[in-house]
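Taking it in order: structure first as structure tokens, then the write-up.
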Amino acid sequence: MSSEPTYKLIYFDARGRAEHIRYIFAYAGMKYIDERIPDELWPELKDSMPYGQLPVLEIDGKQVAQSHAVGRYLAKKFNLTGKTDYDAMQCDMHIDSLEDLKQYINIYRVEEDPERKQAKKMELLEHTIPYYMNKFDELVTKNGGNIVPDVTTWADFVFVTALESYELIFGPYALNKYPGLRALQKKINSIPAIADWLARRPFTEF
């Protein structure tokens, strides 16, 4: 009889791009090593990581990079991809669409020229964010409070952890226009295993 592999999640001392992976482990009740790399040690460790970036998941010592590749692997293992292959595809489609929005936001955040930064901010707030967020909000409302109809999937975790970051960037009332997404956030974070993780996870700024 085969035993469960040993998991080590390697990331910075932050939620960021690793938090939905931690949600998956929490939901599945799976033990893992949550290794948090101090910023000052990252330069000397970077070259030892696939593609020189984090998060990385070690599975019995074998390293896997890319947060969504890791999330998708664990979701399949712990039955978080929905009930059908079509559900799994829906997870991927909506996660990729969310990633598009995150890229637009990141372009704004790293812009250094004040005039261009202000222009990007106005474009985001008036057009790009409402376009995506309204679609996501309608999707969740239509699908019974989840990304995929009436079933908890890893896509819910990706969205809820992204919404937490969204509120940090745009303020605590940023989700008031999107009651479906706010309800999704409350629903997922109220799952006992997730609520337990939220109560005991290390405090970080982002």
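Checking each residue in the stretch 163-173 for being open to solvent by 20 Å² or more (accessible area, probe 1.4 Å) and either in the same structural domain as Arg15 (by the TED database) or among the hydrophobic types (A, V, I, L, M, F, W, C) (or both) picks out Leu168, Ile169, Phe170.
For the stretch 11-23, the criterion of being open to solvent by less than 30 Å² (accessible area, probe 1.4 Å), at pLDDT 95 or above and small (Gly, Ala, Ser) is met by at least one residue. Restricting attention to the stretch 53-83, the residues being open to solvent by 40 Å² or more (accessible area, probe 1.4 Å) and not in a loop (DSSP other than H, G, I, E, B) number 8. All told, Met93 meets the bar of being within 20 Å of the chain's Cα centre (by Cα), aliphatic (A, V, I, L, M) and open to solvent by 30 Å² or more (accessible area, probe 1.4 Å). So, Asp150, is that one loosely packed, with under 13 Cβ neighbours inside 10 Å, at pLDDT below 95 and charged (D, E, K, R) or not? Considered against the rule, which asks whether it is loosely packed, with under 13 Cβ neighbours inside 10 Å, at pLDDT below 95 and charged (D, E, K, R), Asp150 comes out as yes.
Residues of the stretch 107-136 that are within 20 Å of Tyr173 (Cα to Cα) and of a type in the set (S, T, N, Q): Thr128, Asn134. If you filter the stretch 19-40 down to residues that are part of a helix (DSSP H, G or I) and among the aliphatic types (A, V, I, L, M), you find that the one that is nearest to Phe78 (Cα to Cα) is Ala28.
Would you call Leu163 in contact with a Lys or Arg (Cβ under 6 Å, 6 or more places away or on another chain) and either among the hydrophobic types (A, V, I, L, M, F, W, C) or in a helix (DSSP H, G or I) (or both)? The answer is no for Leu163.
A quick yes/no check of all residues on (1) farther than 22 Å from Thr6 by Cβ; (2) modelled with pLDDT of 95 or more:
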position: Pro50; (1), (2): no, yes
position: Asn79; (1), (2): no, yes
position: Asp85; (1), (2): yes, yes
position: Asn106; (1), (2): yes, no
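The values are calculated or read from the model by the stated rules, or taken from the named source; none is laboratory data. Worth saying up front: this structure is predicted, and the values here are computed from it rather than measured. A quick note on method: Cβ atoms are made from the backbone with ideal geometry, for glycine too, and the neighbour counts reach across all protein chains shown. We work out accessible area using only protein heavy atoms, side chains counted, and drop any ligands, DNA or RNA first. Shrake-Rupley method; radii C 1.70, N 1.55, O 1.52, S 1.80 Å.
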